[in-house]
1. Among the chymotrypsin sites (Phe, Trp or Tyr not before Pro) in segment 69-127, which ones are in a DSSP loop with at most 13 other Cβ atoms within 10 Å of the Cβ? Mind listing them?
2. For S191 and T146, compute 0.36 nm times the residue count separating them, minus their Cα-Cα distance, and round to one decimal in nm.
3. If I model a spin label at S138 and S55 as a point 7 Å from the Cα along the Cα→Cβ vector, what separation in nanometres do I get?
4. Calculate, in nm to one decimal, what S116 and Y76 gain on full extension: separation in residues at 0.36 nm each, minus their alpha carbon distance.
5. Taking θ = phi - 60°, what integer Hz values does the Karplus form 6.51 cos²θ - 1.76 cosθ + 1.60 yield along segment 130-136, in sequence order, with x for Gly and Pro?
6. Quick one: 3J(HN,Hα) in Hz for segment 169-186, Karplus 6.51/-1.76/1.60 with θ = phi - 60°, rounded, Gly and Pro as x.
7. Check H115: other-chain or 5+ apart residues with amide H under 5 Å from its amide H, H built from backbone geometry?
8. Check each of the GluC sites (Glu not before Pro) in segment 54-130 and keep only those in coil by DSSP with at most 14 other C-beta atoms within 10 angstrom; list them in order.
Amino acid sequence: MVEGAGLENRWALTGLVGSNPTLSVISKLILREDGRHGATVLPYTGTTLQSTMPSQLDGYPVQVTFPVQWGEMDAYGHVNNSVFFRYFEIARIEFLDRIGFGGDFEDIKIGGILHSTSCRFRSTLKYPETITVGARVSEVGDDRFTLEYIILTEDATIAANGESVVVSFDYETRTKTPIPAAVREKIDEFSGS
């Protein structure tokens, strides 16, 4: 474990989440002075396990909770718009891993590739908020599926909605390909079909 010298640094990097370097950036313990409770420890959980999460997350089988980082803010004092797409990416990678469609190309050489993504910004985010990003499938085709996202703050404010199209891609032939049957079954399981 790498630790900063004292509470001023506020970070204790706990290492990689599995073998995913994207998620290792947010795999942290945060010590935050809130004036009422001294230091609060907020672990990155990977998924939301709280029973008090807002009903807006109902129907989102993947929910990733993590803190907003100080460095994600821009000169206007809020999280830069481009960072919202990184938040969507974190949920998308978690979703792809859960359906067996992410990262392990040694055997099958087929995985998801991002076709397009969009975001509707609804509210600003600031450090030191903690957010939850939900992801769910809204549409499935022969060789692609659409993911919908929602970003919620701790007080249930919707910060953004978004979507992305993920195409099944054969990394050996460099062409799109039908979604593998096992992956399709997992997608159907996650979408309640």
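Any read-out appearing in this document is the output of simple, stated calculations on the displayed coordinates, not a laboratory observation. Everything numeric here is computed off the predicted structure, so don't read it as measured data. Positions of Cβ are backbone-derived with ideal geometry, glycine not excepted, and every protein chain shown enters the neighbour counts.
1. Working: sites: W70, Y76, F84, F85, Y87, F88, F95, F101, F105, F121; in loops: Y76, F101, F105.
Passing both the DSSP loop test and the Cβ count: Y76, F105.
2. Values: separation 45, 0.36 × 45 = 16.20 nm, distance 1.12 nm.
Length gained, S191 through T146: 15.1 nm.
3. 2.1 nm
4. Values: separation 40, 0.36 × 40 = 14.40 nm, distance 2.73 nm.
The S116-Y76 span can extend by a further 11.7 nm.
5. Rounded to whole hertz, the list is 10, 10, 10, 10, x, 9, 8.
6. Calculated HN-Hα couplings, in order: 10, 8, 6, 7, 8, 6, 9, 6, 8, x, 4, x, 4, 5, 5, 4, 4, 5 Hz.
7. It is V165, V166, V167, by chain and number.
8. On the way: sites: E72, E89, E94, E106, E129; in loops: E106, E129.
Sites meeting the loop and neighbour criteria: E106.
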